[in-house]
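Only the coordinates and a few stated rules stand behind these numbers; no lab work does. Treat the numbers as computed from the prediction; the structure is a model and nothing was measured. Cβ coordinates were reconstructed from backbone atoms using ideal geometry, including for glycine residues, and neighbour counts include every protein chain displayed.
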Amino acid sequence: MSESTVIRAEHVSFSYGKNQIFDDLNFEIRSKEMVTIVGPNGGGKTTLLELLLGFIEPEQGSLTILGKRPGDASSLVGYVPQYAKYDEKFPITVLEVVLIGRVRNFFGFYTKEDREKAFEVMERVGIADLAKRSFSELSGGQRQRVMIARALVGAPQILLLDEPTANIDTFMSEKFFSLIEKLAKEKTVLFVTHDTGFVTNFTNRVFCINKGLHEHPADAVPGSLIHHAYGHEMRSIRHDIKLEQPEVIR
Amino acid sequence: MMDFLAAIANPNVPFIRYALIAGILSSIAFGMVGTYVVVRRITYIAGAISHAALAGLGASVYFSTVYSITWLTPLTGAMTAAILSSWIIGLVTLYASEREDTVIGTIWAVGMAIGLIFIAKTPGYMDPMSYLFGNILLIGRQDLILIAILNIIVVAIIILFYPQLKALSFDEPYARTRNIPTGFFTLLLLTLTACTVVLMVSTVGIVMVIAMLTIPAATAGLVVNKLSLMMVFAGIFCAFSNTVGLGVSYALDLPTGATTILISGSMYVLVLLWKKLSKRG
């Protein structure tokens, strides 16, 4: 393992009953790398996410985050889940949501330092003025920033984002990309998405996952690879050029 | 109204005073636990726990009568059954592959069936209606002590684990990533729910206790945007409903439990209407 490797999967196998999700999965993700994980629903993206978060363990092989089992490396990973999963009516303020990123696992209340860190990170992602606002009143883009602040407040080395562009409009999406671009300079960033249009020009590598993993540099993801990963025709919208018509990959 | 105040002060009718104290005391726990029941959307589970309490209640009435076990009060039996059923539901929810709603429904109905059979076989006349729909005459001094102790335990635990329970309720998968033992806290919350429903069984009964757990908290959720404030307001709304319900039922000679629920339900509708109208305005 090279010194800069932060995530390493070696011969990882996992199945749900008779449904084999991964068989001999191998990859390495290096420090401050930005990796986009794409693939169709049911292809194994969520399983990989659950493996990385330590919710499930590989049946065979090993998966390590900075040499630790994912379950023991929770403080190293900042997780940004899909915001659409939240209860719209939950009575909670933005500051309270961000503070959850520093919650003690069993006993203990939030300290003054926790609050200072929360305000620091909210300032950084541009939501400090929303601290006392109710989370349910925010727009999709604002909520996504709150989730990123919550993930960052624990000072993780890896940022793991699940479907980050879902429910964000194009304008907010651009602001969101620029925030992630800044964060990617100091942290390892992993995106999990079913949206191939998310493969932007600042992603280092793309993992196409469909019951296996095809790794590719992000500068030129060929149609053949996406077709192979998804198993059918896909529409691809590239962020670095403007096309009259969406390109149809065959 | 004056009659009601006079009845509270009258040393010869302690049951009114006991009912008032029980209602106000249990409102604190009801406000706190009810808030979690509402935000975690586990009303159906809380309903099953409260109905299953009848099994323990009926069993305690039967065994204390047949075998003269004096320490076995109906509230002790109800609490034991409620806690056991909460653990079964919790463990099934967390670890089993059975359909959760099927298990909840089964515990709900089987618990009631066991309770009714025990009550039917208890020698002498035993009216299940008092337990199903509440009867303030059932509240004794010993019950007040039990309610006070349970109340202190429930409130202390909720305060002690407030950040963890809030994190769990808002976003369970994320709480797991922070190494919070979500299974333990889920079971703890269900156990607290079981203890809390028993607090008000005598006043509003097993069938309607779920309403007092959810309606005041839901009403509070309409007016505040913080979980802690929701608990405070839910407690206030619950205490108000209990007190006014007791007073109105005394004045108009109506069943206390039903009157209390109607007061609570009316408050919810009024606050909802006020909120809708103030948004339009």
Efficiency of FRET between B:Val223 and A:Asp129 - r from beta-carbon atoms, R0 30 angstrom, step 0.05 = 0.80
Place a point 7 Å from the Cα of B:Leu277 in the direction of its beta carbon; the residues of region B:219-236 whose amide N falls under 19 Å from it are B:219-220, B:222-224
Measure out, as a whole number of angstrom, how far apart the alpha-carbon centroids of region A:72-123 and region B:140-178 sit.
-> 20
Surrounding net charge for B:Gly58, when Lys and Arg each add one and Asp and Glu each subtract one, Cβ distance under 15 Å | 0
FRET efficiency (B:Ala109, A:Lys175; Cβ distance; R0 56 Å; to 0.05) is 0.55
Among B:Phe30, A:Phe14, rank each residue by its count of other Cβ atoms within 10 Å, from fewest to most, as a rough exposure measure.
-> A:Phe14, B:Phe30
Using 7 Å Cα-to-Cβ label points, what is the B:Leu137/A:Glu88 separation (nm, one decimal)?
-> 4.9
Grab the other residues whose beta carbon is less than 12 angstrom from that of B:Val269, score K and R as +1, D and E as -1, and report the net.
-> +2
Summing -39500 (n - 2.57) over the DSSP H runs of n ≥ 4 in chain B and dividing by its residue number, what mean residue ellipticity at 222 nm do you reach, to the nearest 500 deg cm²/dmol?
-> -28500 deg cm²/dmol
Cut-off 10 Å between beta-carbons: net charge of the residues surrounding B:Asn179, Lys and Arg +1, Asp and Glu -1 = +2
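Take the Cβ-Cβ distance between B:Val13 and B:Ile152 as r, set R0 to 30 Å, and report the resulting FRET efficiency rounded to the nearest 0.05. Provide the component values of the computation, followed by the final result.
Details: r = 27 Å, r/R0 = 0.91.
So the FRET efficiency works out to roughly 0.65.
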Rank the residues B:Phe4, B:Phe118 as a footprinting-exposure proxy: fewest other Cβ atoms within 10 Å of their Cβ go first.
-> B:Phe4, B:Phe118
Shielding of A:50-59 by other chains, given as the mean Cβ count within 10 Å, works out to 1
Within the set A:Lys117/B:Lys226; B:Lys226/B:Lys275; A:Lys132/A:Lys182; A:Lys187/B:Lys226; A:Lys45/B:Lys166; A:Lys132/B:Lys166, which residue pairs have Cα atoms separated by over 23 Å?
-> A:Lys132/A:Lys182; A:Lys187/B:Lys226; A:Lys45/B:Lys166
Inter-probe distance in nm under a simple model that places probes 7 Å from Cα toward Cβ, at B:Leu252 and A:Lys112 = 5.5
For peptide B:160-168, compute the average count of partner chain beta-carbon atoms within 10 Å of each residue's beta-carbon.
-> 5
Sort A:Arg8, A:Arg150 so that the residue with the fewest other Cβ atoms within 10 Å of its own Cβ comes first and the one with the most comes last.
-> A:Arg8, A:Arg150
Rounded if a/c under 1.5, otherwise prolate or oblate - region A:1-124, Cα gyration tensor axes = prolate
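Using the Cα atoms of region B:2-275 to build a convex hull, what is its mean projected area in square nanometres?
So the mean shadow area of the Cα hull is 15.3 nm².
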